[in-house]
Amino acid sequence: MEIENTAYRIIKDKILNFDYRPGFQLKEIPLSKELNLTRTPIRKAIVQLANDGLVKTYPHRGAFVATLSDNEVEEIFEVREALEVKAASLVIRRASREELDHIRSALKKREASLSRTKPKYVIPEIDFHQELIKLSKNSILISMWMGLHTKLQLIRIQSSMRGRRFLEAMKEHGTILSCIYENRPAETEALLRAHIQNAKPDLHRPAPKE
């Protein structure tokens with residue numbers, strides 16, 4: 001089980017870090033050589049990643065890193081916006097100062113680390129949006145958002161890697177958080193909606209035909 005989890009984690013990280021790009025074919029033999037694992041855990045990892053929505057399999061063709069259609073991305077973003085806007089309104093009502101301070105501290109730490117070196121996108125230690133979702137303290141809302149999380153993570157990472165978008169997004173996170181601190185729900189909602197729309201990517205390529 002540990003080896004299977006290792007294969008899953010490594011392949012997932014490579015997909016999310018854009019080492020394996022959308023449309024990349026996941027072949028068991030090359031992957032087993034690259035990761036120094038047998039084909040069995042590789043095969044099981046691919047099945048699990050397909051269940052997550054990060055991989056699509058095609059009869060007689062194989063497994064490929066998922067390429068989401070325009071319609072899929074649009075639907076994901078519609079649901080994402082509805083959930084996150086509602087979550088933000090709940091955060092304003094329910095989150096403690098200490099909980100918000102934890103997010104602010106993480107944002108400042110990330111900003112400081114980027115200022116010391118040439119800015120380059122890396123996956124942050126904490127996910128700003130996921131932290132806000134958690135602070136909504138609504139278990140059903142959290143569960144619904146987490147159901148989107150894997151696909152959403154892939155879309156958002158690819159979007160952030162466009163030019164210097166991740167630097168703009170980081171500033172927007174700080175502004176949104178300030179509005180939450182200051183109990184400004186209408187402004188928080190407007191900024192969050194704009195932020196989500198700014199993150200919508202245009203990254204689609206045709207998926208392999210069945």
Worksheet item: What shape does the stretch 2-65 have by the C-alpha gyration tensor, where a ≥ b ≥ c are the square roots of the eigenvalues, rounded means a/c under 1.5, and otherwise prolate means a/b greater than b/c and oblate the rest?
Response: rounded
Worksheet, complete the sentence: Surpassing 32 Å at the alpha-carbon level, of the pairs K27/K171; K27/K151; K44/K86, are K27/K171; K44/K86
Worksheet, complete the sentence: Distance in nm between R39 and K108 label points, each 7 Å along Cα→Cβ, equals 5.5 nm
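No lab work stands behind these numbers, since they all come straight from the coordinates. What you see is a predicted model, and the numbers here were worked out from it, not measured in a lab. Heads up, the Cβs are rebuilt from the backbone with ideal geometry, glycines too, and the neighbour counts pull from every protein chain shown.
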